[in-house]
Amino acid sequence: MPFEQAFRLSSLLLAATAFAGLLLARSVPLWLASITGTILISVLLQTLGFLNGRRTFRQVTRSSSLWNLFVIGAFLLFILDLVVISRELLSAGIHFLVMLLGIKLGSLDHRRDFRHLYAISLMAILASAALTTDAWYIPIFALYLLAAVWTLLLYHLTHDSEPHVGVASHERQERPEAMAGITGRFFWLTNGVAIVTFALTLTLFFLLPRIGAGMLQKSRGEGLKTTGFSERVDLGMIGSVKQDPQVVMRVELPDIPAERMDRLYLRGVAYDRYNGRSWSASDHHRRHLAAVGDGTFVIRETGRRAQEAVSVPIQQDIVLEALDTSVLFAAPFAEYVSGDLSGIESDSMAGLHLSFSTSSPLRYSVTSRQYEIVPNERTTPVVNDPRSILERYLQLPELSGKVGELSQQIVREATTRYDRIRAIRDHLLRTYRYSLDVETTTSLHPVEDFLFTSKMGYCEHYATAMVVMLRAVGIPARLVTGFLATEWNDFGGYFTVRQRDAHAWVEAYFPQSGWITFDPTPASGTAAARSTWDTFFRVSESLRLYWDRLVIRYSTRDQVAIIHGIREGSDAVRGHLSQWMVTGNRLAVKVISSLVQFASSSAVGVLEMLAALSLLAIVLWVRKPTWSKVSSRHLAQRRQLRITGLYRMMLQTAAGKGFSKSPTATPVEFCGIITREWAAAGTMVAGVTDLYCRGRFGGMPLTAEEISKAEHSIRSLQQLARAAR
């Protein structure tokens, strides 16, 4: 192929790739996409010689003044779009950019026209990056980069003396050097340059600091519509989303094996006032939480409950889609929340809310502590509740006497509060049938209709009935809405939470144990039907999560952590490289096994098996580690990095009090100095130092409980330092 024709084709490919990025971001209206696409195809066919002998689009509109009128018209449409139609600079600017792209594709006469086309294409690919965080941007950007390398090389190799490089070769007298074709050596050399360029791009991505906002940042967006998390919830609202499969969030549990978790309650909002048809909160006051340490918000202190209360810590890494609510979801009860959060508020019933709503997916980590009932409260016949609890959580609307009579009848043989709660819950589980075909939003007495007439309903009916019946027998209780996660993604190692997982349950009060979760709703009995394509859907979802974690959410904090790791002996670099390798290898192996399963159950299994064998050859090119050992080693490396970071925070806090660690002093010697000269901090420093030496030098893996203990010691040390100022 002659250089001139290759140059023109690479330029068109560059423009087509940028245009495809905008189309996939769904930012171009259909009419504009159709016109621009038609022009692009016409110019491409002309370049390939399929329109030789025919009047092309460019030949029909050869007047330069006509193209100037097109540009003026496009600008007027941009003003109209900005002021009247979209009323948003980014959307109107993208529409204007696509119009300019179409105009320039139809007027490629001189070399300056190609330079204009490159500038428009660059702005288009940047705009598509600002409009999406999906993984499909990877091949689009890679193809754009390849086309850009080819285009720039061919631009300089083609001669600059011809006034019209864009016209077809049969319409001009070509020079002998212009007829030089693309050889195999040139082809591989150019692709090698493209690969090196892509590697350089990844290096720049690693080195350059992240920018949180810019002129191309999307200013506003519409979050996914949710229900059941506003200040007032009408009975029957959650049922409207119980068939919606849209993904709401993805939840990883890094410290808990998958076989130990078959379900996970993700708490949203609690309600204490019931008027017979809807729930609301009597106290709308929220307190702003202050950030401490490394962007961590403290929700509740660990020691607020009785010391004999049994608790289980749960660490969650959550990716929450953009929703139309400010509620933050977490397993009950959240103690610490960290992430790139502008601010967090907490209400009087332990609900978490963002200070400012967001229009993009949100990643955050939560440390929760699930409390169990202390042994003596299971057997104590008499419970003394605080007056404030009784006044707030025993409220009932005017109900028929049948509800109270039924409640008393159910608990007549129970001798303890715990037994009464279980008796009411078990009665609801056994006696009533789960069904979504119930209309209660227009009922005057939905609880009575559920208990005595229809005897079927969904989670809201069960939870509301249980709260009402508990209050009728003098037990403080409240209703909670959130999500019940049951869909485990084997490939990504996380729970997928969908709209249909919206749920309501009950929290009952115990003076020593606090609020304990009870769920009176039986299983629906209608599990979602699985098809042979579900495997691929789960793989694609897990790829999206890894894309978000490793690329979209890669931040300055990650860069600083790696740089500190280099200073500490390159531990962080090895840890991050290991994470990328383990992730890629694990996903590749799981994709292969999924393809094999799908191929064996498909009528056209031969083709799928060939595709699987091709991918298997690629995987075998990489060293295949033992997955369980790599996962354990990766977890140990993460915790080692964490204890190293905590030890540095301790040194910084001590330096603020005038105790700087000498380079020649060992951690144990420095701990002795702190113990002698700052006795109040001795215990906290000794605990962190011991864990640091074990994890950093002793080669002993640390547990999640030990890391949590070290974090608590650091927070206590920081509070002590501030109090002593």
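The values are calculated or read from the model by the stated rules, or taken from the named source; none is laboratory data. Because the structure is predicted, anything quoted here is derived from the model rather than measured. Because the Cβ atoms are built from the backbone with ideal geometry, glycine has one as well, and the counts that use them run over all protein chains shown.
Look at (1) at pLDDT 90 or above; (2) farther than 22 Å from ASP262 by Cα and you find that THR367 fails only one, number (2).
Examine the range 112-124 for a residue that is in the same structural domain as LEU9 (by TED's automatic domain parsing), at pLDDT below 85 and among the hydroxyl-bearing types (Ser, Thr, Tyr), and state whether such a residue exists. No, the range 112-124 contains no residue that is in the same structural domain as LEU9 (by TED's automatic domain parsing), at pLDDT below 85 and among the hydroxyl-bearing types (Ser, Thr, Tyr).
Hey, could you check the range 326-347 for residues that are polar (S, T, N, Q) and part of a loop (DSSP other than H, G, I, E, B) and say which is farthest from ARG286 (Cα to Cα)? Give the derivation first.
In the first step, residues of the range 326-347 are kept if they are polar (S, T, N, Q); the result is 326, 338, 342, 346.
Add one more test, that the residue is part of a loop (DSSP other than H, G, I, E, B), and what stays is 326, 342.
Values: SER326: 13, SER342: 16 Å.
Result: SER342.
Considering only the range 156-176, I want to know if a residue exists there that is closer than 30 Å to LEU45 by Cβ, at pLDDT 75 or above, in a helix (DSSP H, G or I) and not basic (Lys, Arg). Yes, there is a match, as at least one residue in the range 156-176 is closer than 30 Å to LEU45 by Cβ, at pLDDT 75 or above, in a helix (DSSP H, G or I) and not basic (Lys, Arg). Evaluation of TYR364 against the conditions (1) without any contact (Cβ under 8 Å) to a residue 24 or more places away in the chain; (2) part of a strand (DSSP E or B) shows that the sole unmet condition is (1). Please verify whether the range 367-378 includes one or more residues that are assigned to a strand (DSSP E or B), out of contact with any helix residue (DSSP H, G or I) (no Cβ under 7 Å at 6 or more places or on another chain) and surrounded by fewer than 16 Cβ atoms within 10 Å (Cβ to Cβ). There is at least one residue in the range 367-378 that is assigned to a strand (DSSP E or B), out of contact with any helix residue (DSSP H, G or I) (no Cβ under 7 Å at 6 or more places or on another chain) and surrounded by fewer than 16 Cβ atoms within 10 Å (Cβ to Cβ). Where helices (runs of 4 or more DSSP H) sit wholly within the range 385-472, those with at least 3 residues that are within 22 Å of ILE373 (Cα to Cα) and touching a residue at least 40 places away in the same chain (Cβ under 8 Å) occupy 387-393, 417-431, 459-472. Every condition in (1) buried (at least 19 other Cβ atoms within 10 Å of the Cβ); (2) assigned to a helix (DSSP H, G or I); (3) touching a Phe, Trp or Tyr at 6+ places or on another chain (Cβ under 9 Å) is met by VAL28 except one, and the failing one is (2).
Do the conditions hold for SER11, that is, is it at pLDDT 80 or above, part of a helix (DSSP H, G or I), closer than 22 Å to HIS156 by Cα and among the polar types (S, T, N, Q)? So SER11 fits the description; yes.
A count restricted to the range 397-418 and to residues that are surrounded by 15 or more Cβ atoms within 10 Å (Cβ to Cβ) and within 20 Å of PRO520 (Cα to Cα) stands at 10.
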